[in-house]
Amino acid sequence: MDFYKFCINKKEIKTMKAYLSGAMEFAEKEGADWRKKMTLWLKANLNHSSFDPVVNSAKLIKNERAQEYRKWKISNSNRYSNFIRKCINQDIHIVKNEIDYLICLWDKNVLKGAGTHAEVTISFDNNKPVYLVNKLSKKDLSGWIMACSTEIFKDFDSLKLFLLKKYNSNA
C-alpha cells in the first residue's frame, strides 16, 4: 500500500479522556497541583488525556476578560453569576459529551462548593465511571457521593494501581 492510501485508510486511534474533578473555589491554587500531576501520570502511563477545569477556567477568564471575577461575587453578583454560568455550562457539556471517566479528589475543600458534587452526579447519570479519592472519614463521606462512585480510593497511589490494571493493555 502506498503512503497516500495508508493515510486515507488509517483509522484514528481514540485515547480515553478523564475529567479531573475536585474543589476549586475553596482550594489552594484551585486544586491545580494534583490535577497537573495526574494529567502527566495519565499521559505517561496510560496514554490517556485529561480535562483540567483549572486550565480551562483560566482560558475562559482570559477570553471573557474576567480576571476580577472573584471580586464580582460581592461587587456585582449578576455579572459574577453570568460568568460562573458559562463555566458551569462548559463543565456539564464536557462531562456529558467529551470524557470517558471522572477522577475526583474528595476532601474538606469540596464541602463549601457545589461543582464537584454536580460533576460526580452528572458523570454517574451518564454511566461514566467515577473514581473517587476520598480524604474524609467514611462517616463524613456523603452517601450520595458514595453511591455515585464506581470505586473509592484512600489515596492517589491506590487509584493509579487500579487504573493501570483496568486500562493498561500492557499490564
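Quick check on K108: is it open to solvent by 20 Å² or more (accessible area, probe 1.4 Å) and either closer than 21 Å to D33 by Cα or in contact with a Gly (Cβ under 9 Å, 6 or more places away or on another chain) (or both)? Step through it out loud before you land on a result.
On the way: open to solvent by 20 Å² or more (accessible area, probe 1.4 Å): yes; either closer than 21 Å to D33 by Cα or in contact with a Gly (Cβ under 9 Å, 6 or more places away or on another chain) (or both): yes.
So K108 fits the description; yes.
Among (1) under 18 Å from V54 (Cα atoms); (2) of a type outside the set (F, W, Y); (3) modelled with pLDDT of 95 or more, there is one condition G113 misses while meeting the rest; what is its number?
In the conditions (1) under 18 Å from V54 (Cα atoms); (2) of a type outside the set (F, W, Y); (3) modelled with pLDDT of 95 or more, G113 misses (3) alone.
If we keep just the residues of the range 39-54 that are of a type outside the set (K, R) and without any contact (Cβ under 8 Å) to a residue 12 or more places away in the chain, which is surrounded by the most Cβ atoms within 10 Å (Cβ to Cβ)?
L40
Could you list, in sequence order, the residues of the range 135-157 that are out of contact with any Phe, Trp or Tyr (no Cβ under 9 Å at 6 or more places or on another chain) and either under 12 Å from H117 (Cβ atoms) or assigned to a helix (DSSP H, G or I) (or both)?
K138, K139, D140, G143, W144, M146, D157
So if I check each of Y69, Y19, which one is of a type in the set (S, T, Y), closer than 28 Å to K138 by Cα and in contact with a Phe, Trp or Tyr (Cβ under 8 Å, 6 or more places away or on another chain)?
Y19
Of the conditions (1) touching a His at 6+ places or on another chain (Cβ under 8 Å); (2) more than 23 Å from S49 (Cα to Cα), Y167 clears all except one; give me its number.
Just one mismatch for Y167, condition (2).
Every residue in the range 87-134 that is small (G, A, S), more than 10 Å from A23 (Cβ to Cβ) and part of a loop (DSSP other than H, G, I, E, B), please. Outline the logic, then answer.
Step one: filter the range 87-134 for residues small (G, A, S), giving 113-115, 118, 123.
Subsequent filtering for residues that are more than 10 Å from A23 (Cβ to Cβ) retains 114, 118, 123.
Selection gives A114 alone.
Only one of I84, I88, I74 is open to solvent by 30 Å² or more (accessible area, probe 1.4 Å), over 27 Å from I145 (Cβ atoms) and β-branched (V, I, T); which?
Matching residue, one of I84, I88, I74: I74.
Please name all residue pairs, on different chains or six or more residues apart, with Cβ atoms under 9 Å, provided the first residue is in the range 160-171 and is among the hydrophobic types (A, V, I, L, M, F, W, C) and the second residue is at pLDDT below 95.
L164/A171
It is to be established whether one or more residues within the range 145-161 are surrounded by 15 or more Cβ atoms within 10 Å (Cβ to Cβ), more than 19 Å from K36 (Cβ to Cβ), touching a strand residue (DSSP E or B) at 6+ places or on another chain (Cβ under 7 Å) and small (G, A, S).
Yes.
The values are calculated or read from the model by the stated rules, or taken from the named source; none is laboratory data. Bear in mind the structure is a predicted one, so any value in this text is a computation, not a measurement. When we count neighbours, we look across all protein chains shown, and the Cβ atoms used for this are built from the backbone with ideal geometry, even at glycine. Areas reflect the complete protein model, heavy atoms only, side chains present, ligands, DNA and RNA absent. Shrake-Rupley method; radii C 1.70, N 1.55, O 1.52, S 1.80 Å.
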